[in-house]
Amino acid sequence: MSAIALLLLLIAVALLFDFLNGFHDSANVVATIIASRAMSARGALTLAALANLAGPFLLGVAVAETVGAEVVQVQAVSIAVVLTALFAASLWNLATWYFGIPVSSSHALVGGLVGAAATGSGFAAIQAQGLWKVAIALLASPLLGFLMALAVMQATLWLLRSATPKANVTLSRAQVLTATALALAHGANDAQKTMGVIAMGLVTLGFTPVFVVPWWVVVTSASAIALGTAAGGWRIIRTLGTRFYRIHPIHGFTSQLASAAVILGASLAGGPVSTTQVVSMSILGAGAAERKSKVRWSALNDIVIAWALTLPATALLALPIYTLIESTLRRGG
């Protein structure tokens with residue numbers, strides 16, 4: 001295949017992954033605002049889609065540089081490696097969406113990338129420092145989300161200790177702002193992972209001499225994740241919005257505020273995080289701050305198992321996919 005044909009294939013697969021990412025992760029942004037009835041489902045998804053689109057333009061592309069240039073050595077990156085990472089992550093996202101399990105698209109993409117590069121060039125191709133940066137961001141951010149939501153909820157309860165039920169109206173309106181902030185942070189973090197992968201492909205195929213994220217890559221990636229968000233992953237919205245406990249406006253407000261703060265900070269620092277993990281743990285933190293027994297902790301079991309399996313599962317899934325893609329490209333080229 002020609003370089004142009006391979007580039008078009010790469011862009012198509014990358015944007016499919018980005019769409020599925022938005023489709024899968026729309027639940028993270030809108031589940032609590034829908035569950036608390038602060039907004040209609042369609043209105044919440046539209047708001048989230050527009051904010052997702054704007055996120056990368058407002059908050060930069062530091063995460064794209066981390067994923068695209070710091071995890072795998074440049075010489076080990078081939079078009080087969082990039083395509084494998086995207087296919088492995090997309091298949092995992094589809095499988096977990098089908099069962100309504102919210103998992104990390106970040107874990108899936110990094111796992112696919114690591115598995116493909118290790119299959120093609122050995123484990124020496126993996127940059128330990130970059131992988132540690134990703135691992136720390138992915139592992140620390142859920143805990144920070146839980147603790148942040150715990151603190152914000154306790155502070156909010158104290159401030160509203162003498163409030164009347166009319167406070168729910170104010171909290172519902174405030175959720176529009178916190179949902180917008182969360183969607184901006186989500187777009188700034190998650191869309192950038194696809195940008196980084198496309199930029200890797202541009203270097204590999206010789207279209208750019210060094211790793212750089214062109215403006216058109218930002219536009220197309222942000223648009224794809226926005227469209228996926230607008231479509232909405234209803235199975236996972238039901239999981240996050242109803243399975244932990246009955247969510248009221250105060251829970252939606254505090255969990256969204258905490259999630260947005262953690263994800264925004266990670267985006268500015270260039271740390272790719274799992275929006276799914278951060279939001280799930282923030283919801284739990286908000287509920288636990290009010291009353292520990294309020295939370296159905298058993299509902300967390302499936303999610304924790306899926307989180308633990310995602311990276312190794314996609315890395316192993318990448319092995320046969322890489323072999324198939326590499327042999328196909330060799331025969332076609």
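Bear in mind that the values in this text are calculations on the coordinates, not laboratory data. Since we're looking at a predicted model, the values are computed, not measured. Neighbour counts run over all protein chains shown; Cβ positions are idealised from the backbone, glycine included.
Brief remarks follow.
- Cβ-Cβ FRET estimate between Ala12 and Leu159, R0 fixed at 30 Å, reported to 0.05: 0.05
- Long-range HN-HN contacts of Gln127 with modeled amide H, under 5 Å: Val72, Gln73
- Among Val13, Val110, sorting on how many other beta-carbon atoms sit within 10 Å of each Cβ, with the fewest leading, yields Val13, Val110.
- Inter-part distance where segment 244-276 and segment 159-214 are each reduced to a Cα centre, Å: 10 Å
- Between amide H atoms placed 1.01 Å from N, distances below 5 Å from Gly270 occur with Val63, all of them 5 or more places distant or on a separate chain.
- Placing a pseudo-label 7 Å from each Cα along the Cα-to-Cβ vector at Val304 and Ala128 gives an inter-label distance of 3.0 nm.
- Dipole of the chain computed with +1 at Lys/Arg Cβ and -1 at Asp/Glu Cβ about the Cα centre; of Met1, Ala137, Ala181, farthest Cα towards the positive end is Ala181.
- The chain, dipole about Cα centre (Lys/Arg Cβ +1, Asp/Glu Cβ -1), debye to the nearest 20: 1140 debye
- With respect to the chain, whose longest principal axis is taken over its alpha-carbon atoms, helix 41-59 is tilted by about 60°.
- Within straight-line cross-link reach of Lys193, lysines at Cα separation under 26 Å, skipping those fewer than 8 residues along the same chain: Lys133
- Helical runs (DSSP H, four residues minimum) scored at -39500 (n - 2.57) apiece and divided by the length of the chain put the mean residue ellipticity at 222 nm at -27500 deg cm²/dmol.
- For segment 141-147, Karplus couplings with θ = phi - 60° (6.51, -1.76, 1.60), whole Hz, Gly/Pro x: 5, x, 5, 5, x, 4, 5
- Acute angle (nearest 10 degrees) that the helix 79-98 long axis makes with the longest principal axis of the chain, alpha-carbon atoms: 30 degrees
- Rounded to 10°, Cα long-axis angle of helix 167-204 versus longest principal axis of the chain: 10 degrees
- Among Leu177, Leu113, Leu202: highest mean-square fluctuation, GNM of the chain, C-alpha pairs under 10 Å: Leu177
- The candidate values are (i) 7, 29, 34, 19, 8, 3, 0, 0; (ii) 5, 22, 30, 24, 14, 4, 0; (iii) 6, 24, 36, 25, 8, 1, 0; the one derived from this structure for P(r) over Cα pairs in 10 Å bins from 0, in percent carries the label (i).
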